Amino acid sequence: MIEIERYVKFIVKHKLTQPQFLFLYLLQRKRYDLLKMYGEAFPSDDGKVIGVISRNDLLERGFIIKLDEMENAASYTLGKAFKDIFIDKFEASEMLKDLYPAHGKYDGKIYPLTIIDTYELAPLYGERIGYEVAEHNEVMLDLQYGIENNLVKMKLENFVRSEYWKALRRLRLNTEVPIETDEISY
């Protein structure tokens with residue numbers, strides 16, 4: 001789910017129109033079916049999802065690369081400029097899992113905290129961060145802060161589902177005072 005404030009700031013920062021962003025986002029997610037549906041419902045002047053001027057703008061700025069002479073979404077791949085903004089869900093979730101504490105202590109016993117299938121974690125985490133590199137980097141800083149301050153005591157899955165990094169971020173940025181506890185929550 002795209003948060004509207006992040007979305008607007010993102011398209012303004014990167015000087016993208018809404019159709020350009022949608023084209024890039026759906027191309028990144030390989031949702032050619034939705035690109036086709038959108039293009040049929042709202043064709044540009046040349047009958048495509050985005051017009052030639054918008055498409056050339058994306059090409060010139062390195063957001064997309066043309067693969068062949070065909071004129072469909074599958075003829076393009078994401079360029080470095082876009083890949084620097086968005087992150088692969090598997091790469092991001094592996095980085096998160098690598099940093100996350102593997103075990104926690106509860107009632108005197110040690111329990112695993114990172115037991116979750118990568119194919120379940122990746123789309124869950126990817127959606128929560130909007131597949132954005134910048135948000136992923138912030139989450140990693142939040143998690144590091146939480147670990148250093150002994151504040152991460154829940155299963156990784158619960159951490160992601162609850163978006164607990166937002167609470168850690170408020171602490172990290174000194175906008176909230178933590179409550180002391182030695183127990184992990186299950």
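Every residue in segment 34-60 that is surrounded by 17 or more Cβ atoms within 10 Å (Cβ to Cβ) and among the charged types (D, E, K, R), please.
Filtering segment 34-60 down to residues surrounded by 17 or more Cβ atoms within 10 Å (Cβ to Cβ) leaves 35, 38-39, 48-51, 54-55, 57-58.
Once the filter is applied, which keeps residues that are surrounded by 17 or more Cβ atoms within 10 Å (Cβ to Cβ) and among the charged types (D, E, K, R), segment 34-60 yields K48, R55, D57.
Restricting to segment 61-70, name every residue that is of a type outside the set (V, I, T) and at pLDDT 85 or above.
Applying the first criterion (of a type outside the set (V, I, T)) to segment 61-70 yields 61-63, 66-70.
Residues satisfying the conditions are R61, G62, F63, K66, L67.
Within segment 139-155, which residues are in contact with a Lys or Arg (Cβ under 7 Å, 6 or more places away or on another chain) and acidic (D, E)?
Within segment 139-155, just D142 meets the criteria.
For segment 151-162, how many residues are over 16 Å from A92 (Cβ atoms) and either free of Cβ contacts under 8 Å to residues at least 24 places away in the same chain or in a helix (DSSP H, G or I) (or both)? Steps first, answer last, please.
Here is the first cut: in segment 151-162, the residues over 16 Å from A92 (Cβ atoms) are 151-155, 158, 162.
Now drop any that are not either free of Cβ contacts under 8 Å to residues at least 24 places away in the same chain or in a helix (DSSP H, G or I) (or both), which leaves 158, 162.
So the answer is 2.
Given the criterion at pLDDT 90 or above and within 27 Å of L59 (Cβ to Cβ), identify the matching residue among A73, A102, A81, A92. Break it down into steps so the answer makes sense when it comes.
Numbers: A73 fails: at pLDDT 90 or above; A102 fails: within 27 Å of L59 (Cβ to Cβ); A81 fails: at pLDDT 90 or above.
The unique qualifying residue is A92.
Does Y164 satisfy the condition of being modelled with pLDDT under 95 and crowded, with 18+ Cβ neighbours inside 10 Å? Don't jump to the end; show me each part of the working.
On the way: modelled with pLDDT under 95: no; crowded, with 18+ Cβ neighbours inside 10 Å: yes.
Spelling it out, it is not the case that Y164 is modelled with pLDDT under 95 and crowded, with 18+ Cβ neighbours inside 10 Å.
Take the residues of segment 95-115 that are touching a helix residue (DSSP H, G or I) at 6+ places or on another chain (Cβ under 7 Å) and either over 27 Å from D84 (Cα atoms) or among the acidic types (D, E) (or both): which is surrounded by the most Cβ atoms within 10 Å (Cβ to Cβ)?
Here the residue is L113.
One line per residue, one yes/no per condition, for (1) within 12 Å of the chain's Cα centre (by Cα); (2) among the aromatic types (F, W, Y); (3) under 17 Å from F10 (Cβ atoms):
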{"residue": "R61", "(1), (2), (3)": "no, no, yes"}
{"residue": "T77", "(1), (2), (3)": "no, no, no"}
{"residue": "F90", "(1), (2), (3)": "yes, yes, no"}
{"residue": "K97", "(1), (2), (3)": "no, no, no"}
{"residue": "D107", "(1), (2), (3)": "no, no, no"}
{"residue": "I110", "(1), (2), (3)": "no, no, no"}
{"residue": "I115", "(1), (2), (3)": "no, no, no"}
{"residue": "A122", "(1), (2), (3)": "yes, no, no"}
{"residue": "L141", "(1), (2), (3)": "no, no, no"}
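Restricting attention to segment 130-150, which residues are modelled with pLDDT under 95 and either assigned to a helix (DSSP H, G or I) or surrounded by 13 or more Cβ atoms within 10 Å (Cβ to Cβ) (or both)?
Passing the criteria: G130, Y131, E132, V133, A134, E135.
Please determine, by comparing only the residues of segment 15-43 that are hydroxyl-bearing (S, T, Y) and at pLDDT 90 or above, which one is nearest to the chain's Cα centre (by Cα).
Kept after step one, since they are hydroxyl-bearing (S, T, Y), are these residues of segment 15-43: 17, 25, 32, 38.
Then keep just the ones that are at pLDDT 90 or above; that gives 17, 38.
Numbers: T17: 20, Y38: 22 Å.
Taking the candidates together, the pick is T17.
Taking strands (runs of 3 or more DSSP E) that do not extend beyond segment 21-114, which have at least 2 residues that are farther than 30 Å from I147 by Cβ?
Working: elements: 64-66, 76-78, 103-106, 109-112.
Here the list reads 64-66, 76-78.
Name the one entry in I50, I110, I65, I85 that is within 21 Å of Q18 (Cβ to Cβ) and in contact with a strand residue (DSSP E or B) (Cβ under 8 Å, 6 or more places away or on another chain).
Numbers: I50 fails: in contact with a strand residue (DSSP E or B) (Cβ under 8 Å, 6 or more places away or on another chain); I110 fails: within 21 Å of Q18 (Cβ to Cβ); I65 fails: within 21 Å of Q18 (Cβ to Cβ).
On inspection, the qualifying residue turns out to be I85.
In segment 163-176, which residues are farther than 19 Å from P123 by Cα and either β-branched (V, I, T) or not in a helix (DSSP H, G or I) (or both)? First the steps, then the outcome.
Of all residues in segment 163-176, those farther than 19 Å from P123 by Cα come to 167-176.
The answer is L173, N174, T175, E176.
The values are calculated or read from the model by the stated rules, or taken from the named source; none is laboratory data. All values derive from a computational prediction rather than experimental measurement. In this analysis, Cβ positions are derived from the backbone assuming ideal geometry, glycine residues included, and neighbour counts consider all displayed protein chains.
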